[in-house]
Amino acid sequence: VLATKFAMPMGADDNQRGGSPRWIKRAVENSLRRLGTDYIDLYQMHRPDYATDIGETLVALSDLVREGKVRAIGCSTFPAELIVEAHWAAARAGLHRFRTEQPRYSIVNRTIEGGVLPVAQRYGMGILTYGPLASGWLSGRADPARSHRATLAPQAFDLAIPGQPGPAGSRPPAHQARRRRRTSAHPSGHCLRPVPPGGDLRPDRPPPAGAAR
Amino acid sequence: VTSVLIGPRRPEQLDDLLAGADVELSEDVLDRIDEIVPPGTEINPADNYLAAHPALENKHLRRR
C-alpha cells in the first residue's frame with residue numbers, strides 16, 4: 001500500500017496547505033511526481049482544515065478517485081465530530097468518503113478511545129495509529145525534550161507545565177516504559193499488524209474481532 | 001486498530017519493534033495500564049499534535 005498525505009504546510013504561501021480544492025489539485029500532482037507513480041493507494045488529509053468546508057474538500061478528493069489518481073481517501077488526527085460531518089457531507093452529495101483515520105494512539109495518549117475509535121468502527125473505517133511510543137516518551141532511551149517533535153511543539157515537552165508526564169527534571173514515563181518496553185508498543189497488544197494490499201482497507205469488510213479496542 | 005505506524009529510523013529499532021508484534025498483553029497488565037492512564041484520557045493534553053481547533057489557541061476566535 002502506497003499512502004501519503006496532504007494539508008500540512010508545504011511552503012510559505014497560505015494556499016500551499018489545507019484542504020482547498022485548489023491546493024489539493026496541486027498537492028496530488030506534486031506527490032505523484034515525487035513518488036514517481038501514477039496513482040496513490042491511500043491519500044490522507046493530514047490535519048483538519050477549519051477554514052475550508054469539508055464538502056469542498058471531498059469534492060476535490062472524489063475527483064481524484066474518479067480520475068484514477070487516488071484509490072481511497074482517509075483523514076488523520078481528525079476529531080470524531082469532523083469524521084461524522086465528513087461522512088454526512090459525502091452521503092448527501094454522493095461523494096467518496098474517508099475510508100481510514102490515522103490517529104495518535106499509545107499507552108499515554110488514549111483520548112481516541114472515547115470518540116474517534118467508536119465512530120470509525122461505526123463507519124467501518126480502518127484505523128492506522130501513529131506515535132505508539134508517544135514521540136519517544138515510551139522508548140526508554142530517547143530524550144523526547146530534544147526530539148524533532150519537541151522543536152515543532154515545545155510546549156508539549158516542557159516538564160515544568162502542570163499535568164506533564166512528571167515533575168520537572170524527571171522523566172517517569174520513560175522510566176516506566178523501560179520496564180514495559182519489551183511487552184508492547186500498543187495498549188491493545190495487537191501491534192504492528194501490516195495492512196495487506198486491498199485487505200483491511202477494504203470498506204466492505206468488517207473490522208476484525210477485537211479491533212479498535 | 002488496523003495497523004500501527006512504527007517509524008523506525010535504524011534497523012535495530014525495527015528489530016526491537018517487530019519483537020512486539022505477537023505479544024498479547026495479559027488482563028492484569030491492561031488493568032494496570034488503565035489505572036495509570038484511564039481509558040479515553042491522556043497524560044498530556046497540551047500535546048495536541050497541531051490538530052486543536054484554532055479557537056483554543058486564538059482568544060479572538062473564542063470571544064467574538
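Points to keep in mind about this one:
- The one condition from (1) at pLDDT below 95; (2) more than 9 Å from chain B (Cβ to nearest Cβ); (3) buried (at least 20 other Cβ atoms within 10 Å of the Cβ); (4) closer than 27 Å to A:ASP41 by Cβ that A:HIS148 does not meet is (3).
- Scanning region A:98-129 for residues that are without any contact (Cβ under 8 Å) to a residue 40 or more places away in the chain and surrounded by 15 or more Cβ atoms within 10 Å (Cβ to Cβ) yields a count of 10.
- Listed by position, the helices (runs of 4 or more DSSP H) enclosed by region A:53-157 that each have at least 1 residues that are of a type in the set (Ser, Thr, Tyr) are A:54-67, A:148-152.
- Only residues that are polar (S, T, N, Q), facing chain A (nearest Cβ under 7 Å) and closer than 20 Å to A:THR151 by Cα were counted in region B:1-52, giving 1.
- Checked against (1) assigned to a loop (DSSP other than H, G, I, E, B); (2) in contact with a Cys (Cβ under 9 Å, 6 or more places away or on another chain); (3) charged (D, E, K, R), A:ASP49 meets all criteria but (2).
The values are calculated or read from the model by the stated rules, or taken from the named source; none is laboratory data. Everything numeric in this text was worked out from a predicted model, so none of it was measured. In this analysis, Cβ positions are derived from the backbone assuming ideal geometry, glycine residues included, and neighbour counts consider all displayed protein chains.
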